[in-house]
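> Would you mind keeping the following structure in view while I ask a few things?
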Amino acid sequence: MQNETRNACLKRLSRIEGQVRGLSRMVEEDRYCIDIVTQVAAVRAALKKVEEEVLRDHVAHCVEHAIQSGDADEQRGKVSELIAVLGKLKA
């Protein structure tokens, strides 16, 4: 992972960690259900952004490297890996 992407993801994950702790407090304090569900959706959206950044970085560097290498086995491996993970994300 490129340093810029790593740093951005770590920063975002730190914020998400704080959001999750806030969610725990909301549950402990027996806050209104809809407020909790709204915050859960916000955490999921933030995690989705991290996921997108990591995938973008993977394609831009790991997959690109496999393509440039000319190694057909490496290329097939990276593409298969990408297809498998994208299939899991759709589920």
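The values are calculated or read from the model by the stated rules, or taken from the named source; none is laboratory data. Bear in mind the structure is a predicted one, so any value in this text is a computation, not a measurement. Don't worry about glycine lacking a Cβ; one is built from the backbone with ideal geometry, like all the others, and counts go over all protein chains shown. When the accessible area is computed, the model is the full protein with side chains, heavy atoms only, and any ligands, DNA or RNA have been set aside. Shrake-Rupley method; radii C 1.70, N 1.55, O 1.52, S 1.80 Å.
> Restricting the first residue to the stretch 46-69 and requiring it to be in contact (Cβ under 8 Å) with a residue 24 or more places away in the chain, which pairs with a second residue that is open to solvent by 40 Å² or more (accessible area, probe 1.4 Å) meet a Cβ separation below 6 Å and a spacing of at least six or different chains?
Val50/Arg12; Asp57/Met1; Asp57/Gln2
> Just to check your reading of the model, which residue among Asp57, Asp73 is within 24 Å of Lys90 (Cα to Cα) and either out of contact with any Gly (no Cβ under 6 Å at 6 or more places or on another chain) or in a helix (DSSP H, G or I) (or both)?
Step by step, each of Asp57, Asp73 is checked, and only Asp57 is within 24 Å of Lys90 (Cα to Cα) and either out of contact with any Gly (no Cβ under 6 Å at 6 or more places or on another chain) or in a helix (DSSP H, G or I) (or both).
> For residues that are surrounded by 10 or more Cβ atoms within 10 Å (Cβ to Cβ) and in a helix (DSSP H, G or I), scanning just the stretch 1-10, find the one that is nearest to the chain's Cα centre (by Cα).
My answer is Cys9.
> Determine if the stretch 18-30 includes at least one residue that is part of a loop (DSSP other than H, G, I, E, B), without any contact (Cβ under 8 Å) to a residue 12 or more places away in the chain and open to solvent by 60 Å² or more (accessible area, probe 1.4 Å).
Checked the stretch 18-30: at least one residue is part of a loop (DSSP other than H, G, I, E, B), without any contact (Cβ under 8 Å) to a residue 12 or more places away in the chain and open to solvent by 60 Å² or more (accessible area, probe 1.4 Å).
> If you scan the stretch 53-85, which residues turn out to be out of contact with any helix residue (DSSP H, G or I) (no Cβ under 8 Å at 6 or more places or on another chain) and either over 24 Å from Leu10 (Cβ atoms) or at pLDDT 95 or above (or both)?
Of everything in the stretch 53-85, those that are out of contact with any helix residue (DSSP H, G or I) (no Cβ under 8 Å at 6 or more places or on another chain) and either over 24 Å from Leu10 (Cβ atoms) or at pLDDT 95 or above (or both) turn out to be Gln68, Gly70, Asp71, Ala72, Asp73, Arg76, Ser80, Ile83, Ala84.
> Which of the residues that make up the stretch 41-88 are surrounded by 12 or more Cβ atoms within 10 Å (Cβ to Cβ), small (Gly, Ala, Ser) and under 16 Å from the mean Cα position of the chain (by Cα)?
Ala42, Ala46, Ala60
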